[in-house]
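Peer 1: Below: one structure in structure tokens.
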Amino acid sequence: MAISKKLMKITAVVSAAALGLTACSSAGGSAKSEGTAKSIKVAAIETAYGQDGWKAVAEAFTKQTGIKVDLQMNKNLEDAIGAQMKAGDYPDVVHLALGREKGLTETMVKDKALTDLTGVLDMKVPGEEKTVKDKLIPGILDSSNTNPYGDGKTYLAPMFYTPTGLYYDANLLKKNGWSVPTTWDEMWALGEKAKAKNIALFAYPTAGYFDAFLYALLYEVGGADFFQKATTFQNGVWDTPEAKQVFDIITKVASYTDKVVPAQANNTDYTKNQQLILDGKAIFMPNGDWVVGEMKDAPRTDGFQWGNIALPALKAGGDRYATTFFEQAWVPAKAKNADAAKQFIAFLYSDVAAKAFASAASPAFQPITNAGDFMSPDKKAVYGIYDSGAKAVVGGISGTNEWKKTLLAPIDSLVSGTMSEQQWIDGVKKANDQIRATLSK
């Protein structure tokens, strides 16, 4: 699998419970008021996105609220603020994601050293009429990536999303007069049309790339409750009608997949499978936004244009889902200016902030429903996946990589015809029981 894909870590499992949203005493937050802090300290990790976006957001926040921002950016932020915090000098806001090697954010979660940000969700975004929760992509808060204690409270604010989905060449559909499928029945009908022109409906880099596809499909067929049961090895979960739908859909996807794919579905040759999309030999593949950069120098058909869609719905008008990765921002429990920090967190979802991040030399995109308004057409074709109402799925299967192999690796055999759907189902059920028994000890 691509190195860039390996860097993407899903660190949590989606909670089945809906978030409980409570009012915040500092609701509104856009006006200057007595008792408000005159300045706040914001510490943000310097990544490939650079510093420009953060500097512009800090200036805009000061202009909107009158609160100055002391911005600290460092590529080794853990070391910089770690030492400061040990000395009792805490930032008011920190942008540092889960899943980093030094695990500072995880340590803060474990030590219960974060400020409860649930009330921020009901705050109006400074300078706007909408609340934070009204602007966020639906589903983005439904996981322990934001709600680490499973208590209905948000402690980690989502930042800079990276969508997965079904990537394709929009021009290939256009020149053949084919519509983008919105339901699975439409997808299968497109598969027959493509077959008549010797074009496969699907390809995939390696079977492991079906992880995000699977998570979205689990949510689609059974909602949060089924997702939670399936990703935590609950007894009998793979014997349910919902599970049968999952197996049936992926098996049918396999039947429409180019037969050359399994032989190339490895860490050495996976880009050859991605090339099938660029060559117009296959239409869709599960992937993430990193594929655009990964294949930027690869040859392609004339007029090639990246597109990305959420999984088709089970029926017309049904919910559609796409798994997303994102970073986090948080407020230390010992921050001296928590109220002003909450205003800054709310401002991060403003159109002004979203535009600043998106306009930087290396653009980053906030997980808000109108994020596409601030993107170039080529970026919107990939990142605008949630603009038309698709919902975000966050999280995945807890447990070992061996379990993922049991669940996903057989897709190669389904495509090649060396394994039946029932054999796959039997293997998944057996592995599920074995892992559950191990975890219960």
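Peer 1: At 0.36 nm per residue, and after removing the present C-alpha to C-alpha distance, how many nm does the segment from VAL260 to ALA437 gain when stretched out fully?
Peer 2: Between VAL260 and ALA437, full extension yields 59.9 nm more.
Peer 1: Any aspartates and glutamates with Cα under 18 Å of the LYS405 Cα? List them, leaving off those in the same chain fewer than 8 positions away.
Peer 2: ASP211, GLU421, ASP426, ASP433
Peer 1: For the Cα atoms of the chain, what angle does the longest principal axis make with the long axis of helix 241-255, in degrees from 0 to 90, nearest 10?
Peer 2: Computed tilt is about 60 degrees.
Peer 1: Here is a follow-up. Keeping all protein chains in position, work out how much accessible area SER350 exposes to a 1.4 Å probe, and write it in Å² to the nearest 10.
Peer 2: 0
Peer 1: May I ask you to give the solvent-accessible area per residue for the chain, in square angstrom, as obtained with a 1.4 angstrom probe?
Peer 2: Ligands and nucleic acids excluded, the figure is 42 Å² per residue.
Peer 1: Roughly speaking, to the nearest percent, how much of the chain's 1.4 Å accessible area is carbon and sulfur?
Peer 2: The C+S portion of the solvent-accessible surface of the chain is 49 percent.
Peer 1: Grab the Cα-Cα distance for ALA113 and ALA189, subtract it from 0.36 nm times how many residues apart they are, and report the gain in nm with one decimal.
Peer 2: 22.1 nm
Peer 1: Could you calculate the contour length gain from LYS63 to GLU106, that is, 0.36 nm times the residue separation minus the distance between their Cα atoms, to one decimal place in nm?
Peer 2: 12.2 nm
Peer 1: Under a 10 Å cutoff between Cα atoms, tell me which one of ALA56, ALA298, ALA346 has the largest fluctuation in the Gaussian network model of the chain.
Peer 2: Top of the fluctuation ranking is ALA298.
Peer 1: In units of 2.2 N^0.38 Å, what is the alpha-carbon radius of gyration of the range 117-205?
Peer 2: For the range 117-205, the normalised Cα radius of gyration is 1.67.
Peer 1: Compute the acute angle (0 to 90°) between the alpha-carbon long axis of helix 184-196 and the principal axis of greatest extent of the alpha-carbon atoms of the chain; round to the nearest 10°.
Peer 2: Taking the Cα atoms of the chain, the angle to 184-196 is about 50 degrees.
Peer 1: Give me the percent of DSSP beta bridges within the chain that run antiparallel, rounded to the nearest 5.
Peer 2: That works out to approximately 50 percent antiparallel.
Peer 1: Continuing with this model, one more query. What angle do you read, to the nearest 10 degrees and between 0 and 90, between the alpha-carbon axis of helix 77-86 and the longest principal axis of the chain?
Peer 2: Here the helix axis deviates by roughly 40 degrees.
Peer 1: May I pose another question? Holding the Cα-Cα limit at 30 Å, pick out from LYS55/LYS102; LYS133/LYS193; LYS63/LYS110 the pairs that are longer than that.
Peer 2: Too far apart for the 30 Å limit: LYS133/LYS193; LYS63/LYS110.
Peer 1: In straight Cα distance, which lysines are under 20 Å from LYS336, not counting same-chain residues fewer than 8 positions off?
Peer 2: Filter leaves LYS32, LYS38, LYS41, LYS68, LYS86, LYS112.
Peer 1: Can you give the percent of C-alpha pairs in the range 290-382 whose distance is more than 23 Å?
Peer 2: 46
Peer 1: Hey, what D do you get for the range 249-326 in µm²/s if you plug the Kirkwood alpha-carbon radius into Stokes-Einstein at 37 °C and 0.692 mPa s?
Peer 2: Translational D for this selection: 229 µm²/s.
Peer 1: Here's a follow-up. Answer rounded, prolate or oblate for the chain, using the Cα gyration tensor with square roots of eigenvalues a ≥ b ≥ c: rounded when a/c is under 1.5, else prolate when a/b is larger than b/c, else oblate.
Peer 2: It comes out prolate by the Cα gyration axes.
Peer 1: Now a separate question. Which whole-number percentage describes the relative contact order of the range 289-441, with Cα contacts under 8 Å and a sequence gap of 6 or more?
Peer 2: 24
Peer 1: Here is a follow-up. Within straight cross-link reach of LYS281, meaning Cα distance under 15 Å, which aspartates and glutamates are found once same-chain residues fewer than 8 apart are removed?
Peer 2: Straight-distance partners of LYS281: ASP169, GLU192, ASP258, ASP302.
Peer 1: First measure r as the distance between the Cβ atoms of GLN422 and LYS124, then evaluate 1/(1 + (r/R0)^6) with R0 = 51 Å and state the FRET efficiency to the nearest 0.05.
Peer 2: For GLN422 and LYS124, the calculated efficiency is 0.40.
Peer 1: While we're on this one: For the peptides 121-129, 321-329, 105-113, what is the packing order when you average, over each peptide's residues, the other Cβ atoms within 10 Å and list the highest mean first?
Peer 2: Order by mean packing, descending: 321-329, 121-129, 105-113.
The values are calculated or read from the model by the stated rules, or taken from the named source; none is laboratory data. Treat the numbers as computed from the prediction; the structure is a model and nothing was measured. A quick note on method: Cβ atoms are made from the backbone with ideal geometry, for glycine too, and the neighbour counts reach across all protein chains shown. Keep in mind that these areas ignore ligands, DNA and RNA; they rest on the heavy atoms of the full protein, side chains included. Shrake-Rupley method; radii C 1.70, N 1.55, O 1.52, S 1.80 Å.
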